[in-house]
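All remarks here apply to the structure that follows.
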Amino acid sequence: MKKDKLHKFRKIVLQYSMALFLTLFGGGLLVILQGEKPIYALKEIFYGAFANPINFGTTLRWVTPCLLVGAAGVIAFRSGVMNMGMEGQMYLGALVSAVLGYSLNLPPILHVLLCFIGGAAIGALYAFIPGILRLYFHIHELISTLMLNFLAALFTEFMVMWVILGGKHAENGSQSIATPEISKTAVLHPLIKGTMASTGIFIAIFILLILWFFYRFTVKGYEFKQMGRNLAFARQGGVNVEKNYILVLTISGAIAGLCGAIEVLGSYHRFIPYFSKNMSWDGIMITRIALNNPLAVYPVSLIWGALKAGALHMERVTKLNRLVVNLIQMFFVLFVAVDYESIAKAFRENIILLFKREFVSENKNETVGEHR
């Protein structure tokens, strides 16, 4: 058992070390091709993320949704469910919380809780749809959740533009429309004045702790893990796969919907169509890098948030575009997915085989020479 754990640890260290080295190498080349020095670009990213309270607040602002979409990704992918619809669930959660935020007049704590519940509930309900499609119509959730993202984005835009605003500003497109600002009683307390960082980050941290406890110490968590490892084995072992499958999707959707609610209550204070900026894809990549481990989502999200905040500053003071940072992030995700141990093993075996062939060939030549 200890041997297996040690082997797994070595494999992870090798995987991440190689991924980091290759990412730094590839990212450095990319920066050089853009006419900048890699060290200078890295320094400006770090400055933009941590140099002063305002910059650090911007980092925390981006860390919050990274933690939440990472949590939504962990609950899905660790259980073997491909929830690619977190963005759509976020949009609906954000819209519902915004409507509850500006249309109701309630005491502060109660108002915030109601917005959270509304956002999480609609996210769970929207994630329930692909579960039904998979179980009863055999439509894979990878397809249905991706398609439902577009439906949610268009639906929320329509609701804001034509129902809430009554068609005003329709000619200017989605960039100029938004719901009314939420009441002050629904606003999350800011962490650092002058930034969009809010107390929502503590909710995100708490949710990941719950997930860690759930997977480590509960029977249901064990069932979810077995589903992710081997669905047929889990079914043979008495796990109600159909029921758990729906449960996994709805919990993941609820967390994504809550993420949308926190974005509205803590950062934007209104619903703006297409506010996400591919946050759900960030969640998928964070989950992949963290190897579906709730605790590993913390450091990965911090790095991700710092890169997002730092990229904005880097773009202002260098020749580089912030998309360069996005490409470097993609490099890391790609390189982490490589099985370096298998490559090294295959390389060793080929080298040994080559030496054996050379050795046999030399022996044959010597034998032929002796006979002559």
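The values are calculated or read from the model by the stated rules, or taken from the named source; none is laboratory data. This structure is a prediction, so every number in the text was calculated from the model and none was measured. With ideal geometry, Cβ positions are generated from the backbone for all residues, glycine too; neighbour counts draw on all protein chains shown. What goes into the accessible areas is simple: the full protein's heavy atoms, side chains included, and nothing from ligands, DNA or RNA. Shrake-Rupley method; radii C 1.70, N 1.55, O 1.52, S 1.80 Å.
Using mean Cβ contacts within 10 Å as the protection proxy, how do 121-134, 229-242 order, highest first?
121-134, 229-242
What's the angle, to the nearest 10 degrees (0 to 90), between helix 200-217's Cα axis and the longest principal axis of the chain?
Once rounded, one gets 50 degrees.
Evaluate the distance, in nm, between pseudo-label points positioned 7 Å from the Cα of L334 and of T218 along their respective Cα→Cβ axes.
In this crude spin-label approximation the distance works out to 3.9 nm.
Trypsin sites (Lys or Arg not before Pro) within region 292-329: which are DSSP loop residues with at most 12 other Cβ atoms inside 10 Å?
Sites meeting the loop and neighbour criteria: K319.
Counting only heavy atoms of protein chains, what accessible area per residue, in Å², does the chain have with a probe of 1.4 Å?
Accessible area per residue: 54 Å².
For the chain, what does -39500 (n - 2.57) per DSSP helix run (n ≥ 4), summed and divided by total residues, give at 222 nm, in deg cm²/dmol to the nearest 500?
Value at 222 nm, helices only, nearest 500: -25000 deg cm²/dmol.
Once you put a point 7 Å from the Cα of I352 and another 7 Å from the Cα of K225, both along the Cβ direction, what distance in nm separates them?
Going by the 7 Å Cα→Cβ label model, 3.3 nm.
So I have (i) 59, 27, 19; (ii) 44, 28, 19; (iii) 33, 22, 20, and one of them is semi-axes √(5λ) of the Cα gyration tensor in Å calculated from this model. Which one is it?
Correct label is (ii).
Using modelled backbone amide H atoms (1.01 Å from N, in-plane), which distant-in-sequence or interchain residues come within less than 5 Å of S198's amide H?
L191
Please give the contour-minus-distance gain from K43 to L312: 0.36 nm per residue of separation, less the Cα-Cα distance, rounded to one decimal in nm.
95.5 nm
Carbon and sulfur: what percent of the chain's accessible surface (1.4 Å probe)?
68
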